[in-house]
Amino acid sequence: MAPTDAPVILGAGPAGCAAAIVLARGGAEPLLIDRDAEVGDALCGGFMSWRTAATLRSLGIDLAQLGAQRVTTLRLFAGDSFAQNTLPEPAWGLSRRAFDSALRRVAVKAGAALEIDTIRALAPGCASGAARDYRSDSLFLASGKHDLRGAARPRNARDPALGLRFRIASDPRLTALIGESIELHLFAGGYAGIVLQEDGSANVCLALRKSLLARAANDPAQLLDMLADQSAAFAARLRFAPASPRVDTIAAVPYGWIAQDTAPGLFRLGDQAAVIPSLAGEGMSIAIASGIAAAQAWQQGGGAAAPTYQQEFARRARRPVRVAEAIWHTGEHATGGRALTQVAQSIAPAARLAMRLSRIAA
């Protein structure tokens, strides 16, 4: 089968669906391919910044109408240090299951086709799936943190970052404890983010060094106990979790990586374009923005526009990724975490500036 001009999008998450919506509304007939017929809860996400909310409104999606939990405050914890700051604008907590399902519905309604298959490898003009091969002059790689053979990102860190996530069921006492806040608990070697979601449950997402998990015998339950011993605030949240929570994990997350270029016909989106440390809460915004930008570039120049798009998006992503990376590297040291918390508490404008600098430009 010869390649076609119809765009093929590999991954029906936020980045892929955003591209599909723009392409379909512009008259193209994009094909979305995803391995899951039913949307699950992805490892990362769950917090939507004010920038994400504004971009989604341009696509006709209202987070409040989806039942998202309003978030107005950032709380930082590092040992005994604590800081609280008002966000520049309200943000939202929403499960990836609810969020991705809504995006899929909008994309299909706009005219995108959705096919369920597992893509195993990528070559110029061809994505090889378990069911069949998909050939196109324009491939949009939106596979999130999962790499495909033939398009892998470099993973050469000596002590790579890992992602872990679990949920705590809804409880009125937990709701009162967290409220309209996104919480960041900083530890030596990593951090945990906690936010309430649409059903009242708390999403707990950790990013930490492999060496920290190794200190806990590579046992997530033992790791949580170890972190709770270091932080009374984190321990207070964990009291509402089951004794052995189901923990989803992903290895070797290349935080800080940015795709600087690409081949004609291959558009890299979302985490395949730029991986911002998750403590910034800007991953969903980068995903949506990359999908829109790639679709608009394709509308202007077809598959040949991919390198120009990639270079321009790398320029847009550079500042927020580097700012978030600097905060992450500072916060993963005990003294740095306390210093960040003290600055956030005593110099509120500095904290608000950091929040704004870690947003991707519209």
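The numbers here are math on the coordinates, done by the rules we state, and not lab data. Predicted, not measured: the structure shown is a model, and the values here were computed from it. Cβ sites come from the backbone with ideal geometry, for glycine too, and all protein chains shown count toward neighbours.
With K and R counted +1 and D and E -1, the other residues having a Cβ less than 10 Å from that of G189 yield a net charge of +1. With helices as the sole contributors, the chain gives -11500 deg cm²/dmol at 222 nm; each DSSP H run of n ≥ 4 counts as -39500 (n - 2.57), and the sum is divided by every residue. For the chain, the Stokes-Einstein estimate of translational diffusion at 4 °C and a viscosity of 1.567 mPa s comes to 63 µm²/s, using the Kirkwood hydrodynamic radius over alpha-carbon pairs. Based on the Stokes-Einstein relation at 20 °C and a viscosity of 1.002 mPa s, and on the Kirkwood radius from alpha carbon pairs, segment 317-362 is assigned a translational diffusion coefficient of 196 µm²/s. Nearest 10 degrees is fine. How inclined is helix 334-346 to the longest principal axis of the chain, computing both from alpha carbons? Computed tilt is about 90 degrees.
Counting only alpha carbon atoms, the long axis of helix 14-25 and the longest principal axis of the chain meet at about 40°.
Across segment 133-219, Cα-Cα pairs farther apart than 21 Å form 53% of the total. Relative to the longest principal axis of the Cα atoms of the chain, helix 96-110 runs at roughly 20 degrees. Rounded to the nearest 5, the antiparallel percentage of DSSP beta bridges internal to the chain is 70%. Considering only C-alpha atoms, what is the centroid distance from segment 72-86 to segment 105-177, in Å? Comparing the Cα centres of segment 72-86 and segment 105-177, I get a distance of 32 Å. For segment 31-150, the equivalent ellipsoid built from the Cα gyration tensor has semi-axes of 34, 18, 12 Å, listed from largest to smallest. Each distinct pair of alpha carbons in segment 227-347 adds a 1/r term; the inverse of their mean, the Kirkwood radius, is 16.9 Å. Under conditions of 10 °C and 1.306 mPa s, segment 290-351 yields 112 µm² s⁻¹ as its translational diffusion coefficient, taking Rh as the Kirkwood radius over Cα pairs in the Stokes-Einstein equation.
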